[in-house]
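*Asks:* Just passing along the structure, written as structure tokens.
The values are calculated or read from the model by the stated rules, or taken from the named source; none is laboratory data. Please read these numbers as outputs of a predicted model, since none were measured by experiment. All Cβ positions, glycine included, derive from the backbone under ideal geometry; neighbour counts span all protein chains shown.
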């Protein structure tokens, strides 16, 4: 194939080469295709028809035609163009202003016929190089295009797989949903008796606690009676009680006889059974006389203390649900300061703890425990089902996202998805993760910089899939957010070939991939299709 | 950000140092007001009418060349010496110094091109009140009044100008510092306050800042104590004064009552503000006064920090008020009063008496020299950006211009091209093969400019630094060590450019074997030469830094001039004295015009900045600097496409035409804004290139006779008061009037076409318009309103090519715009475009083109010259013509040829086809 191509190219070049002999016949700078308009010794009509001039004013170094057509071989017209035959290479038009400007533009040197510039005819050499590179390109394109077909095929299969997977997931999602609903019912069924049993247990515990409390109170009362009954006459008298200044109802520092009598219910003295009613009035304030052995603080004052604490916090506008906040804080570990501030002072838990220490709830009875265990299992089962469903949902979302991406007309770019390609320069490692992001990481330490997140295909209308645009990268100091333009060219391999930053914080990356390889052109097109190198 | 810091390295450090604290705009607080500058505050506190100075007439001595006379300050008995000179060319020089200063006071060297030749003065009369001297020509007198001392220059009965008429002459004599530290309030006060002008009671030396002054965190030690000088000038009959650049302000200077004076102190001002008297990068202490009767100039030759106060007795008055004065007959003559205040040095004033604007330009250029004649290519288009990243980038931009068929001559490299901001070096990764790159440009007949700033990285592995240090060429700090400051490379030294040996060494560094990678097509840009010192007071050098024996205080404004001088000398030397240099500078002083081009510094991509480029360059042109331009597009920020296009259109008609952009701005090469805008920019640049023969000729004249290239209208129409304040349009030479569109969304401009009885031709449509009218011109985005004066002939080259060099041998098209009397005159100047041969060997062609009596002829204006050009006359376009029956070309060999022609009756345009005659010979075309 390549041999045939070479042969054909060579023969074309030969045809052109022999053509030079004929060229002198037409005015300088006129292409073969327009030769008919320049007939020797006949008046010349400007190609735009604007005027007609004698033939000797064609190429006489003075511009007569508005369209510049009378001076195809001189620099006289500002809008003219000069045709170089470039035998051995490909013909070209150059602006008239480049005729005789001292710079060799045409490889056949014909543009510099009167400037003193010494130009070498490089057409054959250029033609050779051009053919070589065209051949290389043709091979690359050919192979690349084959690879592309493969990619398309794979992408199609991949797409089908994904679609299938999605359908599958949709099915399993339904199953999971049903399962979850069933387990929810199971859970509820198990939790109701559990709740009841727990409440029951709690209630009986409360009752038991009350009994213990009353017992304790009674013991204390008896102790107090004995303590107060100084003369051990079986009565507590006004005089005996009067020594307890802490019981002073008006807190004026003295416990009068009348006041004391009032405490004793108007009586002068009370016996054990009557003391019961008196006790309920004074027990809150009563201090044991045995100072070395103060009575263990009873629950009541503790409860007050605890209440005070809570009300204090209320008045300080603490969030009422600070306990909840604390949980949040645990979720958000990064927010150290926040955690510090919101931490609840440890004292708040102290009274409850003490109470718990003193009076801890007895373990559930076996029956209740069975119910609890059953409920817990139901809950775990339900949670697991829920988690499974979430997972399936996530998988579906990812799949849908991937399926939804514009991977090109035949999904030929799909293989780039979730891949990354790196290019190492003297200072940085650049990383292109197609359809995701571009980043830059210094080679010698330092953190990665986001050069842009996938934006859209941004090629010209006729070739939309030749350029990728990544934007909204890390902001530039005093400048815009970083962005990257990725130019895609045909290649056998998928590689980042270069990066640059033509404008501050606007990066340009060149990327080769078979996915942009076009169907190889016919030989004729290879030769004449491009008019510029 | 971390990655950014690593990559940005030194640059970021700089930014952190300079900008992070501030906002993204000028920080006025970084720069002194008069009140914060101790000497300005002291001087400005003086009240007029109390001059303590008396002329001691008995000391008068008159020699052939000068008059000397002692002045005494009656308050402190300190004597001054007055020297008066009559200079050739209608100028008077007034010098005042201390009679016996404690030590010499600084006198500015290297600015005057020679000792100005004098003319004899003669004593006409003398009595105890004063003397009258004849100034020679034009019945001009100089009256010296004794008490109080005062000078009046008269012509006939008219006072042209008076000195010390308001009694603001003040000369702080040098004194020995008494023990002020022990008792600043007591014993010393007497000594301090008996200075020339009796500062108000209760002010202490410390408050006065006489011996020490602190601004922000910087303390200025003043071992020499107070040394400021001041003098006032009155200009009767004058309502318009101009000049004293550089300020971002209107062309006509404003009165400074109630605000700060105009300040002249070379400073690197970050994001400068418009319309205020703050100092900028350069300082030219020259003011022009103009009235319908006379144009004059005052050149205050002092390189220290200087403030200029302007007041006017008519400025505050409304038109009605002025009418009322007139009707009631109570009108006083309008008068402008000017007062100059400098921190040190002596009073050395040149009074240029005109009387015409042309005379003043000649007078000033006879003192400080004319505009350097640039290589022709430097007048073409320059493409710059901070920064073209690497060699590939340069090649791609070069290619871009060809692909889009836009001409350009120079591509520029800013600081990033160097190896770590070490000037004279190349970044080894980005520019590994500079000669290959330059050769690539040679192949396209294009050129390059690289930046060489005067701050030198302190780095013992840097050859330039080591040599400067070992030769002792650095500026010293007050303690005698090398002065160091912070600039682009980090810690930097500042070579003492005032030292001629240093300058010679610096120049030698531009030799091709010294500046590695340099080639013939590489030229130079001196930036940051105020000098900019990021961590210095007001972002510049400490005033107590030492240049040899002199403090920076004495010569601060000269530093930038010396940098450009030494650089230009280097470029001349490297070619063996053959090639003309091209050096762009940001800082400048009087005389800088001799060394190259100036640009208006770091402007901003805003419409107001586009507009201000006109008065800023006009002001520079009036005081000698013709080669002026503003960054096209604006340096900071990003221009809208419309602004960019309008800026190209304006810049194409301003002398120095360079696009430039800040590092942080998006790219803005001309083809990046869509095909339509590319075409608009291409067209603007092409208009520039077609007009290069005219530009070159204007620069030849600027070089030859000191006439500005870009001129305010009043220069050519000095009696037309309507033009006196105009700065939204301008003339190029005499013959082109440009009124660029500088309004966003502009749909039309009103151009003033001057000259009663004259006509102007639209250069694009050839439409004829009468002079002395305001003409409304509807505009589109492609319009650049330009008019050619009827009576002129302008040569153009219609074949616009890739670069000006490519057009060198191209033929000329002559545009003959006839006056109503069917007359026209112009010139054609041709030389090799780049060497000194035009000067040294008279190798040039200079021809007079004139149209009269229906004949257009070319004759030699410089018979002693000789030059051969292959260029010929391609076409002659005669505007305002009538149709001839035939046109005959006559050449010296006696041949006669009939020329073909076309006549456009609707526009009265006659086009003669292809005369074909060589541009360097005599010829005549006769119309019949």
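*Asks:* Out of all the residues in the range A:454-475, is one or more modelled with pLDDT under 95, surrounded by 17 or more Cβ atoms within 10 Å (Cβ to Cβ) and at the interface with chain B (Cβ under 10 Å from one of its Cβ atoms)?
*Replies:* yes
*Asks:* Can you name every residue in the range A:476-489 that is over 24 Å from residue A:513 (Cβ atoms) and more than 9 Å from chain B (Cβ to nearest Cβ)?
*Replies:* A:481
*Asks:* On the given criteria, is residue A:108 in contact with a strand residue (DSSP E or B) (Cβ under 7 Å, 6 or more places away or on another chain), in a loop (DSSP other than H, G, I, E, B), closer than 22 Å to residue A:38 by Cβ and more than 14 Å from chain B (Cβ to nearest Cβ)?
*Replies:* Yes, satisfied.
*Asks:* Further question on the same structure: Based on this model, can you work out whether residue B:222 counts as touching a residue at least 12 places away in the same chain (Cβ under 8 Å) and closer than 26 Å to residue B:165 by Cα?
*Replies:* Details: touching a residue at least 12 places away in the same chain (Cβ under 8 Å): yes; closer than 26 Å to residue B:165 by Cα: no.
No.
*Asks:* Sort out which residues of the range B:432-447 are within 13 Å of another protein chain (Cβ to nearest Cβ) and in contact with a strand residue (DSSP E or B) (Cβ under 8 Å, 6 or more places away or on another chain), and write them in order of number.
*Replies:* Scanning the range B:432-447 gives B:441, B:446.
*Asks:* Quick check on my filter: what residues within the range B:338-352 are touching a helix residue (DSSP H, G or I) at 6+ places or on another chain (Cβ under 8 Å) and assigned to a loop (DSSP other than H, G, I, E, B)?
*Replies:* Listed by number, the residues that qualify are B:343, B:344, B:345.
*Asks:* Counting residues that are surrounded by 24 or more Cβ atoms within 10 Å (Cβ to Cβ), at pLDDT 95 or above and touching a strand residue (DSSP E or B) at 6+ places or on another chain (Cβ under 6 Å), which helices (runs of 4 or more DSSP H) fully inside the range B:496-598 reach at least 2?
*Replies:* Hits in the range B:496-598: B:559-574.
*Asks:* Collect the residues in the range B:372-404 that are within 16 Å of residue B:451 (Cα to Cα), in contact with a helix residue (DSSP H, G or I) (Cβ under 8 Å, 6 or more places away or on another chain) and in a helix (DSSP H, G or I), keeping them in residue-number order.
*Replies:* Listed by number, the residues that qualify are B:391, B:394.
*Asks:* Taking the range A:417-450 on its own, how many of its residues are surrounded by fewer than 19 Cβ atoms within 10 Å (Cβ to Cβ), away from chain B (no Cβ under 11 Å) and touching a helix residue (DSSP H, G or I) at 6+ places or on another chain (Cβ under 9 Å)?
*Replies:* 3
*Asks:* Quick check on my filter: what residues within the range B:640-672 are crowded, with 23+ Cβ neighbours inside 10 Å and within 14 Å of chain A (Cβ to nearest Cβ)?
*Replies:* Passing the criteria: only B:661.
*Asks:* Sticking with this structure for a sec: Which numbered condition in (1) at pLDDT below 90; (2) in a helix (DSSP H, G or I) is the only one that residue A:363 fails?
*Replies:* (2)
*Asks:* Return only the number of the condition from (1) buried (at least 24 other Cβ atoms within 10 Å of the Cβ); (2) part of a helix (DSSP H, G or I); (3) within 14 Å of another protein chain (Cβ to nearest Cβ) that residue B:620 does not satisfy.
*Replies:* Result: residue B:620 fails condition (3) only.
*Asks:* Right, residue B:407: surrounded by 22 or more Cβ atoms within 10 Å (Cβ to Cβ) and part of a loop (DSSP other than H, G, I, E, B) or not?
*Replies:* yes
*Asks:* Which helices (runs of 4 or more DSSP H) sit wholly inside the range A:192-286 and have at least 2 residues that are touching a strand residue (DSSP E or B) at 6+ places or on another chain (Cβ under 7 Å) and at pLDDT below 85?
*Replies:* A:272-282
*Asks:* Within the range B:270-290, can you find the residues that are in a loop (DSSP other than H, G, I, E, B) and crowded, with 24+ Cβ neighbours inside 10 Å?
*Replies:* Correct list: B:272, B:279, B:280, B:281, B:282, B:283, B:284, B:285.
*Asks:* Looking only at the range A:89-104, how many residues end up being assigned to a loop (DSSP other than H, G, I, E, B) and either crowded, with 24+ Cβ neighbours inside 10 Å or within 9 Å of another protein chain (Cβ to nearest Cβ) (or both)?
*Replies:* Result for the range A:89-104: 7.
*Asks:* Looking at B:144, B:132, B:108, B:159, which is the one that is without any contact (Cβ under 8 Å) to a residue 40 or more places away in the chain and either crowded, with 21+ Cβ neighbours inside 10 Å or part of a strand (DSSP E or B) (or both)?
*Replies:* B:132
*Asks:* Does the range A:52-61 include one or more residues that are surrounded by fewer than 21 Cβ atoms within 10 Å (Cβ to Cβ), away from every other protein chain (no Cβ under 14 Å), within 30 Å of residue A:132 (Cα to Cα) and touching a residue at least 12 places away in the same chain (Cβ under 8 Å)?
*Replies:* No, the range A:52-61 contains no residue that is surrounded by fewer than 21 Cβ atoms within 10 Å (Cβ to Cβ), away from every other protein chain (no Cβ under 14 Å), within 30 Å of residue A:132 (Cα to Cα) and touching a residue at least 12 places away in the same chain (Cβ under 8 Å).
*Asks:* Go over the candidates B:702, B:690, B:679 one by one and state the one that is closer than 30 Å to residue B:844 by Cα, within 14 Å of another protein chain (Cβ to nearest Cβ) and either in contact (Cβ under 8 Å) with a residue 60 or more places away in the chain or surrounded by fewer than 24 Cβ atoms within 10 Å (Cβ to Cβ) (or both).
*Replies:* It is B:690.
*Asks:* Same structure, new question: Given B:388, B:381, which one is closer than 29 Å to residue B:693 by Cβ and within 30 Å of the chain's Cα centre (by Cα)? Walk me through it before giving the result.
*Replies:* Working: B:388 fails: closer than 29 Å to residue B:693 by Cβ.
Answer to the selection: B:381.
*Asks:* I want to confirm something. Restricting to the range A:490-504 and keeping residues that are under 21 Å from residue B:669 (Cβ atoms) and surrounded by fewer than 17 Cβ atoms within 10 Å (Cβ to Cβ), which single residue is farthest from the other protein chains (Cβ to nearest Cβ)? Let's see the steps before the verdict.
*Replies:* Within the range A:490-504, the first condition is being under 21 Å from residue B:669 (Cβ atoms), and the residues that meet it are A:498-504.
Now restrict to residues that are surrounded by fewer than 17 Cβ atoms within 10 Å (Cβ to Cβ): A:498, A:500-502.
Numbers: A:498: 10, A:500: 7, A:501: 7, A:502: 6 Å.
Among them, the one singled out is A:498.
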